[in-house]
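Okay, structure first, notes after.
The values are calculated or read from the model by the stated rules, or taken from the named source; none is laboratory data. What you see is a predicted model; the values in this text were computed from it and never measured. All Cβ positions, even for glycine, are placed from backbone atoms using ideal geometry, and neighbour counts span all protein chains on display. Remember, those area values only see protein heavy atoms, side chains included, never the ligands or the DNA or RNA. Shrake-Rupley method; radii C 1.70, N 1.55, O 1.52, S 1.80 Å.
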Amino acid sequence: MSISNLIIRSVNLLNGGEVKDNRSIPGNEEDLLRVFRQSLDRSMDAVFWTDVDCRFIYANDEACRSLGYSREEFYSMHLWDIDPEFTEEIWRASLEMYRNDPEHIGQRIERTHTRKDGTRIEVEVTANHFKFENYEINISYARNISEQKRNESELRESEERFRTIIESMPMGIHLYRQADDGRLILEGGNRTAEEITGVKNSEFSGKTLEAIVSDVFPGNAVSSLSFHFREVLETGVIWRTEHILRESGDQGSAYELLVFRLEHGRLAVVFTDISGRINFERVQRFKTLILKTQQETSPDAILIVGPDGKILSYNRNFIKLWNIPSSLVETEDDEIFLTHVMNQIADQDAFITKVRYLYSNYGESSYDVIPLADGRVIERHSSPMIGDDGVYYGRVWYFRDVTDQKKNEEAILKSEAEFRGLFEATPTGAVMLLDRKFKRVSSRFRDITGYTSEELIGANTRIVYPSDEVYDYVGRTLYATMNDVGLGRCETKVRRKDGTDIDVIIYANPIDRNDPSKGVAATLEDLTARKKAENDREQMRAELLQSQKMESIGRLAGGIAHDFNNLLTAIMGNTEIALMGIRDSDPARQHLSVVFQAAESAAELTGQLLAFSRRQIIDPKTICLNDVIRGMEKMLKRLIGENITLK
């Protein structure tokens, strides 16, 4: 049988029609066509086939689901109907390129597809062109990357907020790198460093550590500081010191220095004016602001195994993901592949147990996350291939490397948590202003001023100043210094709600220097109640941590129960249908009844978990507590641990 006929017959089967060929087809080719169809229909990516006129001749289930069209609608459409920017002229040029330059086949490009309802989604498209005799076909795979793009945007915004916070911190920061000759050279610093040293960072840039120390701290031994800085660079151990004097006429100032190592032979030096105060915790929070994250995405790896355990198909990504050597590429024995893969799994027993279970339970689908020994994390999906006639044709396995995705999600959550923690836990009152109106206020700011959030949000900052003159003075001073050096600073008085005036220092920095309309981030420090502020901050920090822990537990319980409840719905529904179709005397009825009862019990358990996570509406009613406790006994025993007895 020719390849072109095989492709045509594949398209007919994919479209739900009959094979229009009177010649007989060997049984193994019929099986191959069914396997081919099911593997495409179950793909997690949208799959499109187009002819030389760019008209759709096939679209899989994911393509129909993601774009909202039926297969019948696709067959009357062209590619530019879902990608208006991909015109017929571009298609003709691309087709000629594929014919004349096969190197362009298989390249990934990002496109925007338009759904039936008019909404748009970002996709990553891989196109392939095949020609068999006189028949040409183009196969495209489209992966929805809208969520990935959204995550990248959120991460960039989070990093920008961190940079703004760093610039508004009342602590000097210098970054040093080690040159090839061993000297420590200044790379840069923040605005506060310029205020503390009295020297522009640009004037220090490129100078050695010894030269800068001589200028900034002339009263101290240069060799001693140089020794400790280099010791930090070599050992990675953080070094802190106090009472470093910088002479200024007849006056002296005390500073705290914190030195720690960054990556690639770099040092960060944080110095704070501690003449009036010492604040060690702010340095610790700063350390969390310099963490960096990376993210990558990896394509899916696909493996198709027949009912006899023989490998029917796999893609190049499967070989790449599992590092399959060339000596195993041609084998059809799934056991040989399993042996090779097993050596890369962190929990080999759990991995092989799930594989054996699914091979012996043909009708079940599965999803789980697998940690690898090398630290990667893999998502594993598996679905049976069962024909309309009920025949089991094997199993499809999908593997996706989600290591970078998990890192990306954790980085976004961490950066948001750090931003909220920094905003709320800072010992100074933090606010975000737009047109000198309160947009966001921290609890510490409310404590200092005595106002509530409802009284402050949307109100003009005039509410916290004792007079119009003070209000105008602060505005002129802060905005003048922000326009000049980027960081505004002003010492003034603030009037609390109870009428008392307190002395404060205000630091302000534009959230986006290129876009003043985004507002200003500012901090307000109460100079009369530092110690009380530190105690209040610690208490708030503990309460926030406890709240996040409880929220995480509830989210985890609700997520598991929700997914498990979806599976139980399918089990109970199909069991009820099966019970309706068999007689009472049928021996299988008793077994199906046991399955249904077990599913109902499991549904009650997921109901308890959903109620615990507040993801299910609670229906209050009169109950017997003994019955409830007995029903929750198994779940409670798993929660409280083996070292506690429940009776």
Spin-label model distance (nm) - residue 90 vs residue 323, 7 Å beyond Cα toward Cβ | 4.0
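What pairs from 116/320; 200/493; 207/437; 149/437 go past 31 Å between their alpha carbons?
Values: 116/320 36 Å; 200/493 29 Å; 207/437 42 Å; 149/437 33 Å.
Correct reply: 116/320; 207/437; 149/437.
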P(r) of the range 165-208 over all Cα-Cα pairs, 10 Å bins starting at 0, rounded to whole percent, reads 32, 47, 19, 2
Report in % the part of the accessible area of the range 44-119 that belongs to carbon and sulfur, leaving out ligands and nucleic acids; probe 1.4 Å.
-> 48
Report the extension gain between residue 645 and residue 374 in nm, rounded to one decimal, defined as 0.36 nm multiplied by the number of residues separating them, less their alpha carbon distance.
-> 93.7 nm
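Suppose the chain between residue 345 and residue 75 were pulled fully straight at 0.36 nm per residue; how much longer would it get relative to their current alpha carbon spacing?
On the way: separation 270, 0.36 × 270 = 97.20 nm, distance 4.35 nm.
Working it through step by step, the gained length comes to 92.8 nm.
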Compute the length gained on full extension between residue 215 and residue 551: take 0.36 nm times their separation in residues and subtract their Cα-Cα distance, giving the result in nm to one decimal.
-> 115.9 nm
Suppose R0 equals 56 Å; then what is the FRET efficiency for residue 571 and residue 467 from their Cβ-Cβ distance, rounded to the nearest 0.05?
-> 0.20
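With charges only on Cβ, +1 for K and R and -1 for D and E, what is the dipole size of the range 427-479 about its Cα centre, in debye, rounded to 20?
On the way: 8 positive and 7 negative charges, 48 e Å.
The dipole magnitude comes to about 240 debye.
Could you tell me the ratio Rg/Rh of the range 399-520? Both radii from Cα atoms, Rh via Kirkwood. Show your work: numbers first, answer last.
Numbers: Rg = 17.6 Å, Rh = 16.1 Å.
On the Cα set of the range 399-520, Rg over Rh gives 1.09.
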Quick calc: nm separation of the 7 Å Cα→Cβ label points for residue 630 and residue 454 -> 4.9
For the range 87-142, accessible area per residue (1.4 Å probe, heavy atoms of protein chains only), Å² | 62
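Report the FRET efficiency, 1/(1 + (r/R0)^6), for residue 101 and residue 514, where r is their Cβ-Cβ distance and R0 is 41 Å, rounded to 0.05.
Values: r = 42 Å, r/R0 = 1.03.
The formula returns an efficiency of 0.45 here.
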Ranked output for segments 462-468, 320-326, 168-174 by mean other Cβ atoms within 10 Å, highest leading, reads 168-174, 462-468, 320-326
Mean shadow of the range 306-388, computed from the convex hull of its alpha carbons, in nm²?
-> 5.8
DSSP-assigned coil residues among GluC sites (Glu not before Pro) in the range 34-129, each with at most 15 further Cβ atoms within 10 Å | 85
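For a Förster distance of 51 Å, can you work out the FRET efficiency between the beta-carbons of residue 602 and residue 336, rounded to the nearest 0.05?
That gives a FRET efficiency of 0.85.
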Using a simple spin-label model with points 7 Å from Cα along the Cα→Cβ vector, what separation in nm is obtained for residue 241 and residue 476?
-> 4.4
What order, most packed first, do the peptides 260-268, 495-503 have when packing is the mean number of other Cβ atoms within 10 Å of each residue?
-> 260-268, 495-503
